[in-house]
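Working notes, structure below.
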Amino acid sequence: MHKKSKFTSYSLFASCVAAIGGILFGYNTSVISGVLLFISHDFGLSTIEQELIVSTLLIGALIGAFFGGFIADSFGRKKTLFFTLVLFFIGVLTLTEASGFHMLLWGRFISGLAIGIVSMAVPLYIAEMSPPENRGALVSINQLCITLGILIAYLVTYGYSESGQWRDMFGFAFIPIGLQFVGLFLIPETPSWLISHDKKERAEKILSKIRISHEGEDLAKIERSEDEPTKKNWRELFNPHVRMPFFIGIGVAVFQSITGINTVIYYAPQIFQLAGFEAAKTALFATVLLGIVNVLITIVALWLIDRLGRRPLLIGGLLGMGTSLVVLGFTFLSKSEAAGFTAVGALMAYIAFFAVSLGPVAWLIISEIYPLGIRGRAMGIATFTNWVSNYFVSLTFLTLIGVLGSPGTFWLYAFICICGLFFVIRFVPETKGKTFEQIQSFWKKP
Ligand code: BGC
């Protein structure tokens, strides 16, 4: 009987260092909701200027994601993480030192570029540093860090809300930046990237450190199949056996945003106020609770993802998200206190179902289904579509509430969850426990 490969503490360490990028992603996207009030006051910002400051980060992120894949395929995964960290540093420094609207805008744009790149580079790095049996849990450490970053941002802005020191709120990000800077010197380039650039010897050395392998196995073979594309060429994305994972990756990435998660993450206090909790403090407190649920349930997902598999989590999660949104919609039809509490419960359930499914699984799937030679670029494009749809959903949310009303808006997201459910059932393959090579041979089947 063969021994199952397991991850070593070395691959766990490397995954955790990379996943600090997830904290920066979560923190920088969420901190603005707490900061906005104070910078608007200090610099006398108009509504349009405020909207620009919020949305510029998303524009930066979608541009960053688009180019991130090229950088990762050409220069390596680790250098990409370094480069991103420099961008984060410049972005956060510009924000903490901002003397007016334009500097704020630049700071948000540069941080956005970094977030876009990091959102694809971290899952990519970890996926290539993990043995197949634990890839789900290790890659999902990134999602856990994103949720932690979001929660820390809620807590930091809550803590500073009396004093209004917004420069410190932005500047808090220097802590994870410093930690990752040190950590990056201690972790290697991924074996897959080294193999795709003909550095087989170094790759084998690293492979032997990151997994306890099956006896007598040729480690390098795990990563490479002969007919994989390796040239840096756009057309490879449309090869017959690449087209299908390309389409599925984009589908999963887009459904992750258009099922409405960031209406809740970005606008939670406003939703709670719509549901009848008018005091700002109560709404903020409920928002912190949401952040805690998001973190805790992501831990459950880490435990389940390599046991149950990706498909059951996606299917169960999408069903639960859809049902919670239908209930949430109904709560807006009544003004009673019971309806307000049901709304909070429905939102918590919605976040919990997201945290156990689309949250971690979307990033995981797009990090594992592509062939090695184009993995970075394909993942960059899937991530780009995630940020484009995220931008679109965030931009239209308040308008939709005006046009369709709150119930109609949430029922629309519920309908999209059902479409996502059909998409998963029909197209998304199970990748639990499979090596990259096995996943590739799956696509080649007629
Ligand atoms: C998504 C983000 C979202 C976060 C919430 C991530 O996986 O990509 O858009 O804000 O999860 O936990």
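Below are the figures for this structure:
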{"item": "Some residue of the stretch 415-438 being touching a Phe, Trp or Tyr at 6+ places or on another chain (Cβ under 7 Å), more than 30 Å from Q273 (Cβ to Cβ) and outside any helix (DSSP H, G or I)", "result": "yes"}
{"item": "Condition met for L308 (surrounded by fewer than 17 Cβ atoms within 10 Å (Cβ to Cβ), at pLDDT 95 or above, more than 15 Å from the ligand (Cβ to nearest atom) and more than 17 Å from F423 (Cβ to Cβ))", "result": "yes"}
{"item": "Enumeration of residues in the stretch 127-157 that are within 19 Å of A173 (Cα to Cα) and away from the ligand (no atom under 13 Å from the Cβ)", "result": "L155, V156, T157"}
{"item": "Checklist (1) small (G, A, S); (2) under 30 Å from G322 (Cβ atoms); (3) at pLDDT below 90 applied to A279, failing item", "result": "(2)"}
{"item": "Checking S225 against (1) touching an Asp or Glu at 6+ places or on another chain (Cβ under 7 Å); (2) modelled with pLDDT of 90 or more; (3) surrounded by fewer than 19 Cβ atoms within 10 Å (Cβ to Cβ); (4) not hydrophobic (A, V, I, L, M, F, W, C), the condition it does not meet", "result": "(2)"}
{"item": "Test: residue in the stretch 385-399 that is at pLDDT 95 or above and away from the ligand (no atom under 15 Å from the Cβ)", "result": "no"}
{"item": "Neighbours by Cβ (under 7 Å, 6+ apart or cross-chain): first from the stretch 281-301, within 11 Å of P360 (Cα to Cα) and more than 12 Å from the ligand (Cβ to nearest atom); second part of a helix (DSSP H, G or I) and not aromatic (F, W, Y)", "result": "I299/L144"}
{"item": "Qualifying residue in the stretch 282-297 (condition: in contact with a Ser or Thr (Cβ under 8 Å, 6 or more places away or on another chain), over 30 Å from S161 (Cα atoms) and at pLDDT 95 or above)", "result": "no"}
{"item": "Residue match in the stretch 337-350 (condition: buried (at least 24 other Cβ atoms within 10 Å of the Cβ) and touching a Lys or Arg at 6+ places or on another chain (Cβ under 6 Å))", "result": "no"}
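Matching residues to (1) at pLDDT 90 or above; (2) part of a helix (DSSP H, G or I); (3) more than 11 Å from the ligand (Cβ to nearest atom); (4) within 12 Å of the chain's Cα centre (by Cα):
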position: G340; (1), (2), (3), (4): no, yes, yes, no
position: A343; (1), (2), (3), (4): yes, yes, yes, no
position: A349; (1), (2), (3), (4): yes, yes, yes, no
position: V361; (1), (2), (3), (4): yes, yes, no, yes
position: L364; (1), (2), (3), (4): yes, yes, no, yes
position: S367; (1), (2), (3), (4): yes, yes, yes, yes
position: I374; (1), (2), (3), (4): no, yes, yes, no
position: R377; (1), (2), (3), (4): yes, yes, yes, no
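Residue-wise test of (1) in contact (Cβ under 8 Å) with a residue 40 or more places away in the chain; (2) surrounded by fewer than 21 Cβ atoms within 10 Å (Cβ to Cβ); (3) not small (G, A, S).
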| site | (1), (2), (3) |
| --- | --- |
| S357 | yes, no, no |
| V361 | yes, no, yes |
| S367 | yes, no, no |
| L404 | no, yes, yes |
| F422 | no, yes, yes |
| I425 | yes, yes, yes |
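The values are calculated or read from the model by the stated rules, or taken from the named source; none is laboratory data. All of these numbers come straight from a predicted model, not from anything done at the bench. Ideal geometry is used to build each Cβ from the backbone, glycine not excepted, and the neighbour counts take in all protein chains shown.
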